[in-house]
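Enquirer: Following this message is one structure expressed as structure tokens.
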Ligand SMILES: [Zn+2]
Ligand SMILES: [Zn+2]
Ligand SMILES: [Zn+2]
Ligand SMILES: [Zn+2]
């Protein structure tokens, strides 16, 4: 493993920073350190004010997600809504236009893939298999310095990772060295990639990007930073509260507005750890009651919450009347709510509003994450509806 000093140099180079000297004003107010949580992290070296930009990161590699359920789309412009999709006759990647085919992005992608002898004719290559592996394929195009930075990041070495590379071997005779490197990249992506933002309302493929500086931040469900993307896919990371020198910088790998059971399950599935932070340990999540369900007692209007939130099968209890509900009854309700939300489809914003006001709030408390999520959706949709459109950004 590379030392913190070596990694710091690579990170500075990635960010385009000079070594910190008296006349280098863009010196950062943080450094990489050995985190008390284990592994590396970022720590503030000076006091930082709310809203201050900590750094602007850019992706080493980015591309489609690797899940087996994947949206088919143009591998250059990300468009998923076209009736002109076709496969490149040299590499089989999906494209939407000649313009995308002649773009620098495609020419690079194509140059790697077309080097591998194909085992079947190009028309018979499954383009979704290529798409799933594309982010790892793109890592082959990095220069030596970039590859060194990439491979110095943490990797989750698990057998299930790399399945997209194994699937690719059905169609191409991949060079052994390329296969080994891409398999390692899938393990690094699993541990570090961030989901990139899609402009609201645009029909685009969901992409993930490897932002090396951001990926060094450890997780906390009450993070002290937040990030946003610009149109160039750069990630700006800012402080959301005053951070004093010596404090570790945290990001949140999960939905900030999700309740503890949903957040912990998501973190476990995607990042393979069970969070035990202060917020996860507090049944009320600092009074936000995001996970709360309505009390089962007809005479009570209280909220049910887990008694021991760090135990995945904890019984729940009403905050008002103390009624205790076994875990199994809670999961039944949660599953029913999950399937209800999964099949919701509204023709217009007014139907969504009606559902929100008249139905859902009868069954779950107003603090529940589903209600909060619907509120956010309503706000967004209203701003996008005919006659109610927001102007400008
Ligand atoms: Zn395109
Ligand atoms: Zn091609
Ligand atoms: Zn947590
Ligand atoms: Zn009650």
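Enquirer: Can you tell me which of 323, 304, 352 is modelled with pLDDT under 85, away from ligand 1 (no atom under 16 Å from the Cβ) and surrounded by 13 or more Cβ atoms within 10 Å (Cβ to Cβ)?
Expert: Being modelled with pLDDT under 85, away from ligand 1 (no atom under 16 Å from the Cβ) and surrounded by 13 or more Cβ atoms within 10 Å (Cβ to Cβ) holds for just one of 323, 304, 352, which is 352.
Enquirer: Need at least 3 residues that are away from ligand 2 (no atom under 16 Å from the Cβ) and within 30 Å of residue 193 (Cβ to Cβ) per element, so show me which helices (runs of 4 or more DSSP H) inside the range 259-354 make the cut, counting only ones lying wholly within it.
Expert: So the answer is 260-271, 278-281, 327-342.
Enquirer: Could you pull out every one of the strands (runs of 3 or more DSSP E) wholly within the range 2-114 that has 3 or more residues that are away from ligand 2 (no atom under 15 Å from the Cβ)?
Expert: Per the criteria, 30-34, 40-44, 53-57.
Enquirer: Against the condition in a strand (DSSP E or B) and at pLDDT below 95, how does residue 238 come out, does it pass?
Expert: no
Enquirer: Let me ask something additional. Within the group 216, 265, 207, which residue is within 16 Å of ligand 1 (Cβ to nearest atom) and within 15 Å of the chain's Cα centre (by Cα)?
Expert: 207
Enquirer: When you scan the range 260-274, how many residues do you find that are crowded, with 19+ Cβ neighbours inside 10 Å and touching a strand residue (DSSP E or B) at 6+ places or on another chain (Cβ under 9 Å)?
Expert: Here the count works out to 3.
Conditions (1) away from ligand 1 (no atom under 16 Å from the Cβ); (2) over 26 Å from residue 176 (Cβ atoms); (3) in contact with a helix residue (DSSP H, G or I) (Cβ under 8 Å, 6 or more places away or on another chain), marked per residue:
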{"site": "60", "(1), (2), (3)": "yes, no, yes"}
{"site": "69", "(1), (2), (3)": "yes, yes, no"}
{"site": "72", "(1), (2), (3)": "no, yes, yes"}
{"site": "86", "(1), (2), (3)": "no, yes, no"}
{"site": "107", "(1), (2), (3)": "no, no, no"}
{"site": "112", "(1), (2), (3)": "yes, no, yes"}
{"site": "116", "(1), (2), (3)": "yes, no, yes"}
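Enquirer: Check residue 287 against each of (1) on the phi > 0 side of the Ramachandran plot; (2) touching a residue at least 40 places away in the same chain (Cβ under 8 Å) and name the one condition it does not meet.
Expert: All conditions pass for residue 287, except number (2).
Enquirer: Go through the range 126-145 residue by residue and tally those that are surrounded by fewer than 24 Cβ atoms within 10 Å (Cβ to Cβ), under 17 Å from residue 212 (Cα atoms) and in contact with a helix residue (DSSP H, G or I) (Cβ under 8 Å, 6 or more places away or on another chain).
Expert: The total comes to 5.
Enquirer: Another one. Considering only residues that are part of a helix (DSSP H, G or I) and under 28 Å from the mean Cα position of the chain (by Cα), which ones fall in the range 355-377?
Expert: Of everything in the range 355-377, those that are part of a helix (DSSP H, G or I) and under 28 Å from the mean Cα position of the chain (by Cα) turn out to be 356, 360, 369, 370, 371, 372, 373, 374, 375, 376, 377.
Enquirer: What's the number of the condition residue 37 fails, among (1) away from ligand 3 (no atom under 16 Å from the Cβ); (2) closer than 25 Å to residue 235 by Cα?
Expert: Every listed condition holds for residue 37 apart from (1).
Enquirer: Next question. Could you list, ordered by first residue, the pairs with Cβ atoms under 7 Å in which the first is in the range 292-306 and outside the structural domain of residue 327 (by TED's automatic domain parsing) and within 22 Å of residue 373 (Cα to Cα) and the second is in a strand (DSSP E or B) and within 16 Å of ligand 2 (Cβ to nearest atom), at least 6 apart or interchain?
Expert: Final answer for the pair search is none.
Enquirer: So residue 277 fits all but one of (1) surrounded by 15 or more Cβ atoms within 10 Å (Cβ to Cβ); (2) assigned by TED's automatic domain parsing to the domain that holds residue 46; (3) modelled with pLDDT under 95; what number is the exception?
Expert: The number of the failed condition is (2).
Enquirer: Could you pull out the residue among 84, 75 that is in contact with a strand residue (DSSP E or B) (Cβ under 6 Å, 6 or more places away or on another chain) and in the same structural domain as residue 119 (by TED's automatic domain parsing)?
Expert: Within the list 84, 75, the selection yields 75.
Enquirer: State whether one or more residues within the range 216-225 are assigned to a helix (DSSP H, G or I) and either touching a strand residue (DSSP E or B) at 6+ places or on another chain (Cβ under 9 Å) or within 19 Å of residue 39 (Cα to Cα) (or both).
Expert: The answer is yes, given that some residue of the range 216-225 is assigned to a helix (DSSP H, G or I) and either touching a strand residue (DSSP E or B) at 6+ places or on another chain (Cβ under 9 Å) or within 19 Å of residue 39 (Cα to Cα) (or both).
Enquirer: Being under 27 Å from the mean Cα position of the chain (by Cα) and not in a loop (DSSP other than H, G, I, E, B) is the filter here; which residues of the range 115-138 pass it?
Expert: Listed by number, the residues that qualify are 127, 128, 129, 130, 131, 132, 133, 134, 135, 136, 137, 138.
The values are calculated or read from the model by the stated rules, or taken from the named source; none is laboratory data. Because the structure is a prediction, the values reported are computed rather than measured. When we count neighbours, we look across all protein chains shown, and the Cβ atoms used for this are built from the backbone with ideal geometry, even at glycine.
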